[in-house]
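Report on one structure; see the data block that follows.
Quick note: the coordinates plus some simple rules give every number you see, no bench work behind them. Here the structure is a predicted model, which means the values were calculated and not measured. Please note: Cβ atoms are built from the backbone with ideal geometry, for glycine as well, and neighbour counts cover all protein chains shown.
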Amino acid sequence: MKMFLIIVAALVGIGLVTMCCVYSSKNKAISLEETVNTAKSGIDVQLSNRFNKLTEIAECVKQYDEHEYRTLTDTIKQRGKNMSASAFKATMASINAVAEQYPALQSQKNYQHLMTEISLTENHLAQHKKAYNESVRDYRYHCRKFPTSIFLGWVGYEIQTYEMYAADEAVKDSKPMKLF
């Protein structure tokens, strides 16, 4: 009788340990699933941020270029009103010589800022895509390894089929975004 109780206690202990392992595997899978969903949300936020930020900065640069162009042409027109044709040609030659010596206009800083923002935004997006792919990899690994795959089947856990983030063929072959 004593041996019977020991066997029953051992079986109950093994059953409890097995149940703990089974539900621990399920809880880990749920946790990893939420990590994947959070990482996917991070990509969506970065895509939205990229669109908003870059279109706003591009529009700002475009407007400043237009302002700079109007200012330059208005200045030339004003100077041209009070000059003879030969004086105007001489002034234009002078302006061209100065422009050749100092081609960096004020809008160059705006373009540099735009390029920096594009680079930073694309790097942030790449980091979020990498985090998403890593979380998908961890989730898949957890759900496919032994004995977790068996345990998840026992509790009826439905394994999600997440795809790794990869650039579409259309995106790979596409030309850069036309901002202007």
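With the simple model of a label 7 Å out from the Cα in the direction of the Cβ, Phe146 to Ala166 spans 2.9 nm.
The slack between Asp138 and Thr116, meaning 0.36 nm per residue of separation minus the straight C-alpha distance, is 4.6 nm.
Take peptides 38-44, 7-13 and line them up by average Cβ neighbours within 10 Å, highest first, as a rough protection proxy. Working shown, then result.
Working: 38-44: 15.3, 7-13: 10.0.
The peptides rank, most packed first, as 38-44, 7-13.
Dipole check for segment 1-63: with +1 at the C-beta of Lys and Arg, -1 at the C-beta of Asp and Glu, and the Cα centre as origin, the magnitude is about 240 Debye. Summary of packing: across the peptides 141-147, 31-37, the per-residue average of other C-beta atoms within 10 Å ranks them, highest first, as 31-37, 141-147.
Applying 1/(1 + (r/R0)^6) with r as the Cβ-Cβ distance of Glu34 and Glu56 and R0 = 35 angstrom yields a FRET efficiency of 0.60.
Rounded to the nearest 0.05, what FRET efficiency is calculated for Glu158 and Ser41 with R0 set to 25 Å and r the Cβ-Cβ distance? Display every interim value, and only then the final one.
Values: r = 21 Å, r/R0 = 0.83.
FRET efficiency, Glu158 to Ser41: 0.75.
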